[in-house]
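Student: Before anything else, here's the structure in question.
The values are calculated or read from the model by the stated rules, or taken from the named source; none is laboratory data. Keep in mind it's a predicted model, so treat the numbers as computed, not measured. Please note: Cβ atoms are built from the backbone with ideal geometry, for glycine as well, and neighbour counts cover all protein chains shown.
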Amino acid sequence: MATIKEVAKLAQVSIGTVSNVLNGKTGNEELIQRVESAMTKLSYRPDANARSLKNTKSTTIGLVLPGVLQNEYAEFLHVVEERLREKGYSILIRFSRNNCLLERKSIEQCMEHSVDGLIIYSAAKKELNPVLQQDQVPTVLVSRRRSTEYDCDCIVADYTDAFEAAIKAFLRGGKQKIGLILEHDLLIEGMLLEIYKKYQNSEDLIKIVDSNQEYGFQAMFELYTDNQEINGIIAGSYLIAQGVKKAMETLQIKNIPVIVIKESSWIEDENYFEGQISISQKKVGAKAVDILLDAIERPNLHESMTNVIKAEYDIISPMKTGIKKAKHDLLFAMFDCPSSRSLQMLSRIYEKESGTKITFDLFPYKELEEMLYCHSMEKNRQYDGFMMDITWLEGLIETGGVYNLDEVRAGHQGYFDSFVDGILKDYGMYVESLYAFPFMSGAQLLFYQRDLFEEQSLKLRFKRLYGEELVPPKTWAQFNLVAEFFTKSFNPQSPVKYGVSLVSGVNTYTTIGFLMHLWSYGSKIFDKNGKVVINNSNSIAALKNFVASYQYNSEADIQSWNDAAREFMTGNCAMVILYDSDAGEINNYIKSKVAGNTGYSLVPDGTPVLGGWSLGVNRYGKHVEDTINFLLWACGNQNGIPLSLLGGSTLRKEYYERADLENLEPWKPLILKSYQQSRKRTMPEILGESRWKNNIYTTIIPHEIMRVIKGEASEKEALEQIEKKIYQLMDS
């Protein structure tokens with residue numbers, strides 16, 4: 001391994017100069033380039049141990065876990081390691097296997113390595129107390145019980161409310177004899193036992209076991225042999241539940257449902273468990289890291305506290321839920337996109353159960369829009385239902401071709417209430433009436449290659465060049481600065497070729513990119529009275545900033561969000577802004593070079609453009625009742641997860657609130673926040689010519705923007721033309 005002395009010799013500088021470059025203490029660009037070039041040639045990496053001795057910090061965190069065979073511990077480990085690594089810390093892992101002696105020994109070993117802090121996932125037995133008091137190392141204790149015996153920070157996983165909800169669910173379903181097969185720490189000090197006693201007269205149906213399949217098998221066998229009236233089981237972990245299921249197979253028992261306490265996982269749970277009691281280990285792990293780092297980095301201000309994270313009880317509905325027998329085959333006109341193809345695959349289940357055939361015709365954006373308006377005005381009966389961009393909804397309703405769904409809503413109130421908050425109004429309603437089912441999500445996020453923002457040498461160089469910290473941009477000014485830094489034509493030392501992947505061309509995508517800037521600069525297209533107000537100084541500033549971004553854009557032909565996503569997946573671009581429904585494959589390790597290295601945040605300045613699509617019923621269709629039944633199933637809660645897994649998206653709130661599936665879409669927790677910030681494109685009043693409204697966004701605005709990008713017009717000239725053409729459209 002190369003030494004700092006060898007780097008200095010090759011760069012023909014002193015060791016002190018190399019040290020200054022490493023620590024960002026020089027702005028001499030010529031010296032910096034010589035040192036960094038030498039480091040690259042020698043594959044030099046700073047000695048972390050030597051630096052920790054100098055800094056009197058090890059930058060190492062001790063982590064004590066029961067094990068990693070259970071999914072929840074593995075997920076906790078993954079989250080803790082990832083978040084600590086982002087903050088410049090490594091971890092020292094020890095396993096206790098729920099053994100008090102091993103747990104104490106593991107803590108002692110961590111302290112012998114002079115760790116900066118400890119995270120202990122434990123049953124929190126009294127034997128821990130003397131060990132933790134030996135040294136004032138900042139510590140976070142994760143436990144299933146409250147305790148006043150420790151001075152350190154505690155995170156308590158509270159299962160009580162969810163456990164009671166599970167018991168009540170069993171009782172509502174007529175399950176009066178409920179067996180418990182739990183780990184000891186779930187019952188200590190009456191934690192769940194008192195709740196159980198409220199509803200069950202006997203403790204004979206309780207088994208306390210270690211968390212493994214064999215003990216689960218044994219306990220279920222013994223319980224059923226002695227109490228064959230058992231008609232429900234609550235298992236304390238996924239491993240226990242697997243043993244319980246195996247015992248039931250052996251005993252040929254088919255009618256005893258199982259509720260399991262475990263990390264939520266739809267793949268494991270659907271059609272396998274009655275329900276689950278779960279706590280997000282991602283949330284627990286993130287909380288533990290945040291608390292510990294605050295204690296380490298702000299020792300004089302930090303106060304130790306107990307934080308409670310409550311479990312939730314969930315029921316998983318099978319995909320067949322809600323399917324009714326149908327009399328007629330159905331034909332749908334759909335936008336050609338991942339969500340449509342996902343529903344096309346999923347509809348095979350509906351066909352099998354309903355006895356009808358579902359056919360999808362897939363169209364490009366503009367072709368579908370024009371066809372739907374023509375069919376609406378002609379009262380064409382060809383399609384039973386169709387997919388609509390939310391900007392088409394108003395016009396298609398005004399032309400008379402969309403079936404009113406008010407009676408359907410009245411009969412399924414709970415169904416429509418469980419969409420993402422506010423979505424039903426924006427995606428399906430017009431003048432207080434319902435006309436469409438929300439189908440494909442449209443929340444915008446900023447995606448970036450995470451390692452580019454973590455690399456210390458890049459952070460130092462960015463600071464030297466711009467006097468700012470290299471972080472995911474929060475404003476459009478920052479966005480362009482970062483994009484410039486990561487564009488090789490502006491910064492030859494950039495590790496990627498382009499700063500951004502942007503859509504261009506005369507299309508709605510270009511307009512949406514501009515609207516994010518326009519709104520953040522305090523301007524808009526129409527005022528509340530429908531007057532065109534886009535031609536002003538703020539709009540000019542917004543357009544200048546937007547057009548400047550294209551200096552840092554990929555040279556690939558990018559005409560849609562899918563094209564932008566594919567270019568980002570090549571690893572050539574530092575950043576991209578996408579709708580979540582178009583981002584599904586960027587974390588696919590087979591198709592994407594940035595999978596596992598994708599960071600994500602809300603779009604700069606907090607002005608995303610609401611996107612998305614709905615499904616409507618043809619007012620003149622031949623099979624209205626069967627069409628409504630299919631759409632009720634297609635957009636139901638039970639299909640939110642499978643649609644997303646197949647590459648599509650969902651607008652069901654439950655999906656975004658679930659703790660699992662974040663390995664597939666790690667950005668899922670940000671979606672609801674993006675919706676809260678999103679704004680909808682407004683339309684002017686054009687009586688009798690509703691079909692032309694969307695041309696404002698698909699043609700007029702992007703045409704003028706492209707003229708500016710090509711140097712054919714100034715920003716002021718473009719805005720004047722936009723104003724003029726919109727008024728011409730409204731007056732025609």
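Student: Going through region 75-102 one residue at a time, which ones are in a helix (DSSP H, G or I) and either over 26 Å from Phe453 (Cα atoms) or touching a Pro at 6+ places or on another chain (Cβ under 8 Å) (or both)?
Tutor: Applying the first criterion (in a helix (DSSP H, G or I)) to region 75-102 yields 75-86, 100-102.
Residues satisfying the conditions are Cys100, Leu101, Leu102.
Student: Follow-up. Within region 637-657, does at least one residue satisfy the condition of being aliphatic (A, V, I, L, M), assigned to a helix (DSSP H, G or I) and crowded, with 18+ Cβ neighbours inside 10 Å?
Tutor: Initially, region 637-657 is screened for residues aliphatic (A, V, I, L, M), giving 641, 643, 645-646, 651.
Now restrict to residues that are assigned to a helix (DSSP H, G or I): 641, 643, 645.
Then drop every residue that is not crowded, with 18+ Cβ neighbours inside 10 Å, which leaves 641, 643.
Looking through region 637-657, at least one residue is aliphatic (A, V, I, L, M), assigned to a helix (DSSP H, G or I) and crowded, with 18+ Cβ neighbours inside 10 Å.
Student: Does region 558-576 contain at least one residue that is without any contact (Cβ under 8 Å) to a residue 60 or more places away in the chain, farther than 25 Å from Met683 by Cα, out of contact with any helix residue (DSSP H, G or I) (no Cβ under 6 Å at 6 or more places or on another chain) and among the aliphatic types (A, V, I, L, M)?
Tutor: Checked against the condition, which is being without any contact (Cβ under 8 Å) to a residue 60 or more places away in the chain, farther than 25 Å from Met683 by Cα, out of contact with any helix residue (DSSP H, G or I) (no Cβ under 6 Å at 6 or more places or on another chain) and among the aliphatic types (A, V, I, L, M), region 558-576 yields no hits at all.
Student: Can you tell me which residue in region 658-668 is nearest to Asn639 (Cα to Cα), limited to those that are buried (at least 17 other Cβ atoms within 10 Å of the Cβ) and modelled with pLDDT of 75 or more?
Tutor: Arg658
Student: Continuing with this model, one more query. Is there a residue in region 596-613 that is assigned by TED's automatic domain parsing to the domain that holds Gln478, assigned to a loop (DSSP other than H, G, I, E, B) and without any contact (Cβ under 8 Å) to a residue 24 or more places away in the chain?
Tutor: yes
Student: Scanning for something touching a residue at least 60 places away in the same chain (Cβ under 8 Å) and under 30 Å from His517 (Cα atoms), does region 620-640 turn up at least one residue? Step through it out loud before you land on a result.
Tutor: Taking region 620-640 first, the residues touching a residue at least 60 places away in the same chain (Cβ under 8 Å) are 620-624, 626-639.
From what's left, under 30 Å from His517 (Cα atoms): none.
No, that holds for no residue.
Student: Now, a different point. Tell me, which strands (runs of 3 or more DSSP E) wholly within region 272-373 include 2 or more residues that are within 20 Å of Thr650 (Cα to Cα)?
Tutor: Details: elements: 275-278, 306-310, 312-314, 330-335, 358-363.
The strands (runs of 3 or more DSSP E) meeting that bar are 330-335, 358-363.
Student: While we're here: Look at Ile590 and say whether it is among the aliphatic types (A, V, I, L, M), modelled with pLDDT under 95 and over 30 Å from Glu398 (Cα atoms).
Tutor: Answer is yes for this residue.
Student: Here's a check for you: in region 515-551, which residue that is assigned to a loop (DSSP other than H, G, I, E, B) and of a type in the set (Lys, Arg) is nearest to Met730 (Cα to Cα)? Spell out how you get there, then give the answer.
Tutor: Residues of region 515-551 assigned to a loop (DSSP other than H, G, I, E, B): 521-525, 527-531, 533-536.
Subset that is of a type in the set (Lys, Arg): 524, 528, 531.
Working: Lys524: 17, Lys528: 16, Lys531: 10 Å.
Result: Lys531.
Student: Confirm whether Glu432 is more than 30 Å from His328 (Cα to Cα), outside the structural domain of Glu654 (by TED's automatic domain parsing) and surrounded by fewer than 16 Cβ atoms within 10 Å (Cβ to Cβ). Before the answer, list the steps.
Tutor: On the way: more than 30 Å from His328 (Cα to Cα): yes; outside the structural domain of Glu654 (by TED's automatic domain parsing): no; surrounded by fewer than 16 Cβ atoms within 10 Å (Cβ to Cβ): yes.
For Glu432, the condition - more than 30 Å from His328 (Cα to Cα), outside the structural domain of Glu654 (by TED's automatic domain parsing) and surrounded by fewer than 16 Cβ atoms within 10 Å (Cβ to Cβ) - is not met.
Student: When residues of region 103-124 are filtered for being polar (S, T, N, Q), on the phi < 0 side of the Ramachandran plot and either assigned to a loop (DSSP other than H, G, I, E, B) or buried (at least 23 other Cβ atoms within 10 Å of the Cβ) (or both), how many remain? Steps first, answer last, please.
Tutor: Initially, region 103-124 is screened for residues polar (S, T, N, Q), giving 106, 109, 114, 122.
Going one step further and asking which of them are on the phi < 0 side of the Ramachandran plot, we end up with 106, 109, 122.
Filter again for either assigned to a loop (DSSP other than H, G, I, E, B) or buried (at least 23 other Cβ atoms within 10 Å of the Cβ) (or both), leaving 106, 122.
Final tally of qualifying residues: 2.
Student: List every residue pair whose Cβ atoms lie under 6 Å apart, where the two residues are 6 or more positions apart in sequence or sit on different chains, the first residue falls within region 345-370 and is assigned by TED's automatic domain parsing to the domain that holds Leu643 and crowded, with 16+ Cβ neighbours inside 10 Å, and the second residue, located anywhere, is part of a helix (DSSP H, G or I) and of a type in the set (Asp, Glu).
Tutor: What qualifies is Ile358/Glu351.
Student: List the number of the failed condition for Gly395; all other conditions in (1) over 26 Å from Gly322 (Cβ atoms); (2) among the small types (Gly, Ala, Ser); (3) surrounded by fewer than 15 Cβ atoms within 10 Å (Cβ to Cβ) hold.
Tutor: (3)
Student: Can you tell which of Ile705, Ile701, Ile671 is surrounded by 18 or more Cβ atoms within 10 Å (Cβ to Cβ), among the hydrophobic types (A, V, I, L, M, F, W, C), under 13 Å from the mean Cα position of the chain (by Cα) and at pLDDT 90 or above? Step through it out loud before you land on a result.
Tutor: Numbers: Ile705 fails: under 13 Å from the mean Cα position of the chain (by Cα); Ile701 fails: under 13 Å from the mean Cα position of the chain (by Cα).
From the options Ile705, Ile701, Ile671, the qualifying one is Ile671.
Student: Of the residues Asp421, Asp426, which single one is within 27 Å of Leu578 (Cβ to Cβ), buried (at least 17 other Cβ atoms within 10 Å of the Cβ) and acidic (Asp, Glu)? Step through it out loud before you land on a result.
Tutor: Values: Asp421 fails: buried (at least 17 other Cβ atoms within 10 Å of the Cβ).
Going through Asp421, Asp426 in turn, the sole match is Asp426.
Student: Which of (1) at pLDDT 95 or above; (2) not in a loop (DSSP other than H, G, I, E, B) is the odd one out, the single condition Ile397 does not satisfy?
Tutor: Evaluating Ile397 over (1) at pLDDT 95 or above; (2) not in a loop (DSSP other than H, G, I, E, B) leaves (1) as the failure.
Student: Would you please list the contacts, defined by Cβ atoms under 7 Å and residues six or more apart or on different chains, that run from a residue in region 374-390 that is of a type in the set (S, T, N, Q) to a residue that is in a loop (DSSP other than H, G, I, E, B)?
Tutor: If the second residue must be in a loop (DSSP other than H, G, I, E, B), the pairs left are Ser376/Thr399; Ser376/Gly400; Ser376/Gly401; Asn380/Tyr620.
Student: Related question: Do any helices (runs of 4 or more DSSP H) entirely within region 177-265 hold 3 or more residues that are more than 23 Å from Tyr313 (Cα to Cα) and either charged (D, E, K, R) or in contact (Cβ under 8 Å) with a residue 40 or more places away in the chain (or both), and if so, which? Can you show your working first?
Tutor: Details: elements: 193-199, 213-226, 238-251.
Per the criteria, 213-226.
Student: Could you please find all residues in region 1-35 being among the hydrophobic types (A, V, I, L, M, F, W, C), outside any loop (DSSP other than H, G, I, E, B) and loosely packed, with under 14 Cβ neighbours inside 10 Å? If you could, list the steps in order and put the result at the bottom.
Tutor: As a first pass, look at region 1-35 and keep what is among the hydrophobic types (A, V, I, L, M, F, W, C): 1-2, 4, 7-8, 10-11, 13, 15, 18, 21-22, 31-32, 35.
Next, from what is left, pick out any that are outside any loop (DSSP other than H, G, I, E, B): 4, 7-8, 10-11, 15, 18, 21-22, 31-32, 35.
Hit for region 1-35 is Ile15, nothing else.
Student: Continuing with this model, one more query. Looking only at region 358-411, filter to residues that are among the β-branched types (Val, Ile, Thr) and out of contact with any Gly (no Cβ under 7 Å at 6 or more places or on another chain); which one of those is farthest from Val617 (Cα to Cα)? If you could, list the steps in order and put the result at the bottom.
Tutor: Restricting attention to region 358-411, the residues satisfying the condition of being among the β-branched types (Val, Ile, Thr) are 358-359, 390-391, 397, 399, 402, 408.
With out of contact with any Gly (no Cβ under 7 Å at 6 or more places or on another chain) added as a condition, the list becomes 358-359, 391, 397, 399, 408.
Values: Ile358: 14, Thr359: 15, Thr391: 17, Ile397: 11, Thr399: 14, Val408: 12 Å.
For region 358-411, the residue satisfying everything is Thr391.
Student: Only one residue in Glu665, Glu720, Glu704, Glu715 is in contact (Cβ under 8 Å) with a residue 12 or more places away in the chain and either in contact with a strand residue (DSSP E or B) (Cβ under 9 Å, 6 or more places away or on another chain) or in the same structural domain as Thr650 (by TED's automatic domain parsing) (or both). Which one? Step through it out loud before you land on a result.
Tutor: Working: Glu720 fails: either in contact with a strand residue (DSSP E or B) (Cβ under 9 Å, 6 or more places away or on another chain) or in the same structural domain as Thr650 (by TED's automatic domain parsing) (or both); Glu704 fails: either in contact with a strand residue (DSSP E or B) (Cβ under 9 Å, 6 or more places away or on another chain) or in the same structural domain as Thr650 (by TED's automatic domain parsing) (or both); Glu715 fails: either in contact with a strand residue (DSSP E or B) (Cβ under 9 Å, 6 or more places away or on another chain) or in the same structural domain as Thr650 (by TED's automatic domain parsing) (or both).
The match here is Glu665.
Student: Related question: Would a scan of region 151-162 turn up a residue that is farther than 21 Å from Ser264 by Cα, outside the structural domain of Asp290 (by TED's automatic domain parsing) and in contact (Cβ under 8 Å) with a residue 24 or more places away in the chain?
Tutor: From region 151-162, those farther than 21 Å from Ser264 by Cα are 151-154; that's our starting set.
With outside the structural domain of Asp290 (by TED's automatic domain parsing) added as a condition, the list becomes none.
Within region 151-162, not a single residue is farther than 21 Å from Ser264 by Cα, outside the structural domain of Asp290 (by TED's automatic domain parsing) and in contact (Cβ under 8 Å) with a residue 24 or more places away in the chain.
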